[in-house]
Amino acid sequence: MNTLSMHNQRVLSGMRATGQLHLGHYHGVLKNWINLQHEYDCFFFVADWHALTTEYENPGVIAASAMEMVADWLAVGIDPNRAVLFLQSRVTEHAELHLLLSMMTPISWLERVPTYKDQQEKLRNRDLATYGFLGYPLLQSADILIYKAGMVPVGEDQVSHVELTREVARRFNHLYGQEPGFEEKAESAARKMGKKAARLYHELRRSYQEQGDHEALEKARALLEDQQNITLGDRERLFGYLEGISKIILPEPQPLLTKASKMPGLDGQKMSKSYGNTISLREAPDEVQNKLRTMPTDPARVRRSDPGDPAKCPVWLLHEVYSDDDTKHWVQQGCRSAGIGCLECKQPVIDAVQAELTPIRQRAAEIRQDMNMLRKVIDDGCEKARDVASETLDEVREAMGLLYR
Ligand code: TRP
Ligand code: SF4
């Protein structure tokens with residue numbers, strides 16, 4: 001089944017609003033978005049409702065970071081003329097689709113999403129035994145399906161959410177992707193093929209639907225191709241009836257796996273707010289310098305004259321991100337022979353991070369000078385998003401018989 005027709009060029013991704021963006025976000029997510037915006041029809045949004053599922057006791061951080069996040073997106077080079085930028089909670093259509101999908105989503109599908117138990121374990125200091133948290137991945141499904149996105153750039157940990165989205169879409173199409181009276185219409189179309197062909201069609205359809213016999217499916221398709229005296233509409237119906245659907249309302253998305261971010265934090269672990277090892281995109285220059293100068297190195301280098309091993313040093317991981325081959329060679333040699341000191345070794349990294357952050361910081365400051373511009377970008381984005389979302393929602397309501405016209 002080709003569900004990747006006209007919408008496969010649409011990319012959608014969201015980012016939880018939980019505080020300041022840092023270099024981990026930049027290297028792990030935003031650089032990828034910047035590239036995608038040149039190739040695809042991109043929708044990027046601040047997932048403030050998703051943030052609420054874990055921050056509901058302290059929603060202040062969300063309010064404080066939602067707009068700032070969009071400002072940082074612009075500062076790093078996301079272009080509002082290329083990508084639609086919006087806030088999830090301003091497009092309330094997501095919530096209605098989430099509700100409608102919740103009616104047909106088995107609880108067990110949500111309970112077995114790996115992040116459900118993992119996050120509860122990890123965030124033990126919060127009570128995540130909530131209805132909203134269980135529904136987290138389904139809300140994400142609604143985010144994706146409401147734009148009929150074909151591709152969803154996510155990290156490894158989110159692939160299971162896209163997988164759930166595919167299952168939900170399939171179930172939705174199966175349940176509601178049928179025109180009124182579809183079955184009767186299909187049956188009457190089958191009769192028009194004549195007794196013999198109709199009987200064969202039914203047999204093959206049964207083999208496919210009950211036993212998953214793909215050969216039968218192929219034979220039935222060939223049979224339909226051969227029919228001379230049925231209309232195009234009837235033929236389409238018979239194709240759909242064969243597979244148990246007639247219309248794809250919500251196309252199945254694909255995950256677009258972003259390579260695991262190599263961005264290490266100041267302690268060598270992955271850069272993350274919860275490890276307290278970040279350099280924020282708004283960090284002041286002397287703070288950047290200070291953080292890097294005081295970051296740990298190979299503990300074997302107690303004195304300047306003690307040789308070290310870059311493989312045991314978090315600074316080396318930063319060289320791998322920022323340094324060219326010559327510099328890396330200089331580090332390897334100098335460290336092992338105690339030919340260079342650690343502060344000396346850190347200097348090229350400090351320079352590279354400053355060079356990376358200076359223009360971002362400048363643009364962020366300009367944007368903060370012009371909050372009206374930022375508000376307008378967000379208002380325009382929300383409006384564009386709402387236009388697409390409300391169209392899909394109308395189709396969904398219609399398919400479910402909720403239009404009452
Ligand atoms: N759950 C995602 C994360 O934690 C954020 C998100 C919410 C998202 N809705 C989405 C990502 C839709 C992709 C598509 O990173
Ligand atoms: Fe780490 Fe560089 Fe010091 Fe070696 S010289 S321990 S790589 S900071």
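Looking at the structure I just gave you, is Val388 of a type in the set (A, V, I, L, M, F, W, C) and either in a loop (DSSP other than H, G, I, E, B) or open to solvent by less than 30 Å² (accessible area, probe 1.4 Å) (or both)? So Val388 does not fit the description; no.
Scoring Gly381 on the criteria (1) crowded, with 16+ Cβ neighbours inside 10 Å; (2) assigned to a helix (DSSP H, G or I); (3) more than 16 Å from ligand 1 (Cβ to nearest atom) leaves a single failure, condition (3). Would you point out the residue of segment 305-337, among those that are part of a loop (DSSP other than H, G, I, E, B) and in contact with a helix residue (DSSP H, G or I) (Cβ under 8 Å, 6 or more places away or on another chain), that is farthest from Gln354 (Cα to Cα)? Restricting to residues being part of a loop (DSSP other than H, G, I, E, B) and in contact with a helix residue (DSSP H, G or I) (Cβ under 8 Å, 6 or more places away or on another chain), the top hit is Pro307. Of all residue pairs spaced 6 or more apart or on separate chains, those with beta-carbon atoms under 9 Å, a first member in segment 125-137 that is of a type outside the set (Phe, Trp, Tyr) and a second member that is assigned to a loop (DSSP other than H, G, I, E, B) and open to solvent by 30 Å² or more (accessible area, probe 1.4 Å) are Arg126/Tyr56; Arg126/Glu57; Asp127/Glu57; Thr130/Tyr56; Gly132/Tyr56. Of all residues in segment 253-283, those being assigned to a loop (DSSP other than H, G, I, E, B) and free of Cβ contacts under 8 Å to residues at least 60 places away in the same chain number 7. Listed conditions (1) within 20 Å of Ala399 (Cβ to Cβ); (2) among the aromatic types (Phe, Trp, Tyr); (3) outside the structural domain of Ala83 (by TED's automatic domain parsing) are all met by Tyr201, apart from (1).
Looking at Arg405, is it open to solvent by 50 Å² or more (accessible area, probe 1.4 Å), part of a loop (DSSP other than H, G, I, E, B) and either under 26 Å from Tyr176 (Cβ atoms) or touching a Pro at 6+ places or on another chain (Cβ under 7 Å) (or both)? In short, yes.
Within segment 35-45, none of the residues are within 19 Å of Arg282 (Cβ to Cβ) and either modelled with pLDDT of 95 or more or touching a His at 6+ places or on another chain (Cβ under 9 Å) (or both).
Has segment 312-331 got any residue that is over 38 Å from the mean Cα position of the chain (by Cα) and surrounded by 12 or more Cβ atoms within 10 Å (Cβ to Cβ)? Among the residues of segment 312-331, at least one is over 38 Å from the mean Cα position of the chain (by Cα) and surrounded by 12 or more Cβ atoms within 10 Å (Cβ to Cβ), which makes the answer yes. Taken over segment 332-346, the criterion of being open to solvent by 50 Å² or more (accessible area, probe 1.4 Å) and among the basic types (Lys, Arg) is satisfied by Arg336 alone.
The values are calculated or read from the model by the stated rules, or taken from the named source; none is laboratory data. What you see is a predicted model; the values in this text were computed from it and never measured. When we count neighbours, we look across all protein chains shown, and the Cβ atoms used for this are built from the backbone with ideal geometry, even at glycine. The accessibility values were calculated without ligands, DNA or RNA, using every heavy atom of the protein model including side chains. Shrake-Rupley method; radii C 1.70, N 1.55, O 1.52, S 1.80 Å.
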